[in-house]
Amino acid sequence: MSIVKIKDLTFKTFIPEDEIQKNVKQVADKINHDLAGKNPLFLAVLNGSFVFAADLMRYITIPCEISFVKLASYQGTTSTGTIKEVIGLNEDLAGRTIVIVEDIVDTGFTMKRMVESLGTRGPKSIHICTLLLKPGKLQVPLNIEYAAMSIPNDFIVGYGLDYDQQGRNLRDIYTLVDDK
């Protein structure tokens, strides 16, 4: 187990890189099966999902497209649950199969608003793919078809996830060490 210090907090290895990759491949295999012949458009939500999206796409074997969007919804370190706007979405979604690629879904409020927002653009279907799901924090009903891993309500960093913009580059996922 590895220990890292990011700013004022200490973290320990929670999910090693090889386990992450195994789970990402399993999710990709399910998408390849379920969405064969549909030419899905993957919408990766920046900043957090960029590492997951890159690895996921390397395992996707069906014809597809990818684009990146940014959500304006965070204030400090907590989500407001309200999307101010979806930035960078220039593709026509009418009649398309959409796969939202997210790093983590906790309360679900932001994802619910994103699905509603994208739904106004006439897609054929919208699917949710997340690296991490915190079922213990989920507060809204969401159909999350593709979750690589479910985790407890711990604060985590690494593999694209950050603490105050630091730690995204870590290959493993780390959890906060309780210093008490």
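What the table shows:
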| item | result |
| --- | --- |
| Any hit, segment 9-16, residues being within 20 Å of V105 (Cα to Cα), part of a strand (DSSP E or B) and open to solvent by less than 20 Å² (accessible area, probe 1.4 Å) | yes |
| Count - residues of segment 106-134 that are at pLDDT 95 or above, surrounded by 23 or more Cβ atoms within 10 Å (Cβ to Cβ) and among the aliphatic types (A, V, I, L, M) | 2 |
| Any hit, segment 154-173, residues being farther than 26 Å from S2 by Cβ and within 14 Å of the chain's Cα centre (by Cα) | no |
| Enumeration of residues in segment 150-176 that are part of a strand (DSSP E or B) and surrounded by fewer than 19 Cβ atoms within 10 Å (Cβ to Cβ) | S150, Q166, T175, L176 |
| Per-region count, segment 7-21, residues more than 17 Å from T61 (Cβ to Cβ) and out of contact with any strand residue (DSSP E or B) (no Cβ under 7 Å at 6 or more places or on another chain) | 5 |
| Selection within segment 61-104 - open to solvent by 80 Å² or more (accessible area, probe 1.4 Å), modelled with pLDDT of 95 or more and of a type in the set (S, T, Y) | T61 |
| Output for segment 112-131, where each listed residue is touching a residue at least 40 places away in the same chain (Cβ under 8 Å) and of a type in the set (A, V, I, L, M, F, W, C) | M114, L118, C129, L131 |
| Pair list, Cβ under 6 Å, 6 or more apart: segment 12-25 residue in contact (Cβ under 8 Å) with a residue 24 or more places away in the chain, other residue part of a strand (DSSP E or B) and of a type outside the set (S, T, Y) | K12/I3; F14/I173; I15/I173; N23/A148; N23/M149; V24/A148 |
| Residues of segment 36-59 that turn out to be surrounded by 21 or more Cβ atoms within 10 Å (Cβ to Cβ) and of a type in the set (A, V, I, L, M), as a count | 6 |
| Residue within segment 45-60 that is over 20 Å from M114 (Cα atoms), part of a loop (DSSP other than H, G, I, E, B) and more than 14 Å from the chain's Cα centre (by Cα) present | yes |
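To keep it simple, each residue is scored yes or no on (1) farther than 21 Å from K70 by Cα; (2) in a strand (DSSP E or B); (3) out of contact with any helix residue (DSSP H, G or I) (no Cβ under 9 Å at 6 or more places or on another chain).
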site: L93; (1), (2), (3): no, no, no
site: I100; (1), (2), (3): no, yes, no
site: I104; (1), (2), (3): no, yes, yes
site: T107; (1), (2), (3): no, no, yes
site: M111; (1), (2), (3): no, no, yes
site: M114; (1), (2), (3): no, no, yes
site: I126; (1), (2), (3): no, yes, no
site: G136; (1), (2), (3): yes, no, yes
site: V140; (1), (2), (3): yes, no, no
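The values are calculated or read from the model by the stated rules, or taken from the named source; none is laboratory data. Predicted, not measured: the structure shown is a model, and the values here were computed from it. As a convention, Cβ positions derive from the backbone with ideal geometry for all residues, glycine included, and neighbour counts pool all protein chains shown. Surface accessibility is based on the protein's heavy atoms, side chains included, excluding ligands, DNA and RNA. Shrake-Rupley method; radii C 1.70, N 1.55, O 1.52, S 1.80 Å.
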